[in-house]
Amino acid sequence: MKTKVFAMGIALMLLSVVGFAQWKLGVGISGSMPGSYFSDKAIDLGYGFYIQPKCEVVKNFELGFDAGVTFLNTDKNSDADENDTQYRVISGVIRGIYTMNDLFEGEITPYAGVGIGSYYFHRKTDGGNEFNYLDGGVSPQIGAKYKMFDVSATYTFLSPKENPKDKITPDYASTLFTVNLGVNLNLSK
């Protein structure tokens, strides 16, 4: 009984904080580079898009959920695969962001954050072979906001699992560097 009352108290406290929070919605495009790009160029540069609902739970701290899709292709000049291979990475990441409003004065607001989440890899070759793979990862992020515009850089570390069957990670995409350009829409007035 005490556990239920305690859990209900925590839930009510979180609902009251979230109910008065500043809600925002970030949307944007991204450019990605796998960590193996300079070593073996097995996977070429990619592109994607994201959506990020978030709320400012306390002053200078935002909590959000990043949902994104990244498209990567094999490098045509690489000997890594006999077929052209397309990768699609779908991510779902819970991210905490600390904005440095008090440290810097002016219209540009720098921020730093870290996220933890799941990454679903889908690999498809021209030969018709398809493989799927689910992995977890951590992604630190730095960026800056200017009015409603946002630019950031994220470096994703995936868990170091060996999966020899489909060779999607860690050889080809154990890390992913991403640059994001987007806008933040204020949903609370």
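Coordinate-derived values only; no laboratory data. None of these values were measured; they are calculated from a predicted model. Note that each Cβ is placed from the backbone with ideal geometry, even for glycine, and that neighbours are counted across all protein chains shown.
At a glance:
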read-out	value
Extension gain, TYR98 back to SER118 (0.36 nm per residue minus Cα-Cα distance, nm)	5.0 nm
Length released on extending from ASN73 to LEU181, taking residue separation times 0.36 nm less the Cα-Cα span	36.8 nm
Packing-based order for 138-150, 23-35, 94-106, using average beta carbon neighbours within 10 Å, highest first	23-35, 138-150, 94-106
Label-zone membership for the stretch 98-135, site PHE157, 7 angstrom Cα→C-beta point, backbone N under 16 Å	113-118
